[in-house]
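Trainee: What follows is a single structure, and I will ask about it in a moment.
Just so it is clear, none of the values below were taken in a lab; they were calculated from the coordinates. Since the structure is predicted, the reported quantities are computational estimates derived from the model, not experimental observations. Cβ atoms come from the backbone with ideal geometry, glycine included; neighbour counts cover every protein chain shown.
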Ligand SMILES: [Cu+2]
């Protein structure tokens with residue numbers, strides 16, 4: 001009875017060997033086909049962008065116990081929109097936009113507004129949940145801050161995100177906003193582990209101006225007459241380039257304080273919409289153009305995977321003019337390290353500093369890690 005048994009063993013051995021060979025062949029096949037099935041990400045795909053995690057909204061925000069104090073001094077001054085074009089502006093601490101206020105979720109924020117204008121004003125904290133008498137619409141939430149007067153606002157930074165502040169004095173808010181009375185307000189999360197890591201984090205505040213128009217002082221006509229456009233107070237080519245290295249993750253915070261929508265379009269890349277009005281999107285949408293409506297804030301991100309000298313610009317092309325001259329206005333350069341554009345003598349030069357007498361915008365030395373807008377994060381805390 002040994003023969004049948006050895007036959008079975010033989011058969012089993014042959015089948016086993018076949019199985020091993022087949023499995024081996026499969027492994028070989030898998031190895032040889034891997035370059036096709038799992039390539040490195042390239043500009044031909046958005047695999048890496050799709051695989052970035054979304055921002056996450058905090059489920060619980062506790063008071064930090066920190067009191068963050070700021071002073072905003074509002075006064076008239078000259079502001080140079082672009083080399084050769086200077087306007088009568090309303091500045092905050094000498095700049096347009098005013099300094100970026102940056103705090104952490106749960107901080108107590110105490111902001112003293114000093115009115116050095118010859119007219120009333122008040123400041124609204126756009127998108128934040130503050131007590132009624134701190135919301136800054138005057139009259140309504142408070143009495144207007146008189147010329148020479150001051151008002152101290154206090155509230156808790158209620159949730160992480162990108163917000164803004166601006167005049168909301170009903171007597172003159174349109175004129176005050178159109179002359180520059182606004183700034184960014186950024187709240188960082190209590191738990192930064194909820195955030196993807198970014199190499200570049202920049203705020204772009206979009207606004208419109210009336211330059212040289214006879215109806216300059218007629219507030220009702222102003223919103224229809226914008227003929228200059230700025231990003232952080234500057235028109236192209238004086239907008240501050242965003243400098244990146246290949247592989248950087250870039251986060252941009254868009255704020256539209258003008259009264260018209262701006263379809264912002266990025267060349268050479270797609271980007272994700274990761275937050276709207278301070279609220280993360282659980283499933284970020286991937287696009288290359290985003291309509292930034294008046295009063296809205298968006299956060300977007302992209303991976304710098306396509307070296308070049310790209311532009312991120314408003315696709316309402318009248319908004320990429322300075323008066324009658326193009327290109328200008330809402331054009332933001334994304335400049336890769338070591339890359340030079342074709343046919344341009346120089347990359348967009350940084351604007352001349354201190355040439356207006358209306359205050360100086362501090363700039364980071366490398367232009368990469370920090371927003372060019374003055375940031376009040378480092379100010380003293382407590383009192
Ligand atoms: Cu536009």
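Trainee: Suppose the chain between residue 318 and residue 76 were pulled fully straight at 0.36 nm per residue; how much longer would it get relative to their current alpha carbon spacing?
Mentor: Length gained between residue 318 and residue 76: 84.3 nm.
Trainee: Starting from the Cα gyration tensor of segment 231-286, take the square roots of the eigenvalues, sort them a ≥ b ≥ c, and report rounded, prolate or oblate (rounded when a/c is under 1.5, otherwise prolate if a/b is larger than b/c, else oblate).
Mentor: Oblate is the answer for segment 231-286, as a/c is 1.5 or above yet b/c matches or exceeds a/b.
Trainee: Computed over the Cα atoms, what is the radius of gyration of segment 195-336 divided by 2.2 N^0.38 Å, N being its residue count?
Mentor: 1.07
Trainee: Highest mean first, how do 247-253, 289-295 rank when packing is the count of other Cβ atoms within 10 Å averaged over residues?
Mentor: 247-253, 289-295
Trainee: While we're looking at this one, here's another question. Over the Cα atoms, compute the radius of gyration (one decimal) and Dmax (the largest Cα-Cα distance, rounded to a whole number) for segment 67-192, in Å.
Mentor: Cα only, segment 67-192: 14.4, 45 Å (Rg, Dmax).
Trainee: In whole percent, what relative contact order does segment 126-184 give with Cα contacts below 8 Å and a gap of six or more residues?
Mentor: Rounded, it is 37 percent for segment 126-184.
Trainee: Let me ask something else about it. Provide the FRET efficiency to the nearest 0.05 for the residue 52-residue 137 pair, computing r from the beta carbons and using R0 = 30 Å.
Mentor: E between residue 52 and residue 137, to the nearest 0.05, is 0.20.
Trainee: Also, quick follow-up: PRE reach from residue 67 (point 7 Å along Cα→Cβ): which of segment 123-137 fall under 18 Å by backbone N?
Mentor: 131, 134
Trainee: Let me ask another. Between residue 45 and residue 88, 0.36 nm times their residue separation minus their Cα-Cα distance comes to what?
Mentor: 10.8 nm
Trainee: Working out 0.36 nm times the residue gap between residue 152 and residue 197, then minus their Cα-Cα distance, what length gain in nm do you get to one decimal?
Mentor: That pair, residue 152 and residue 197, stretches by 12.7 nm at full extension.
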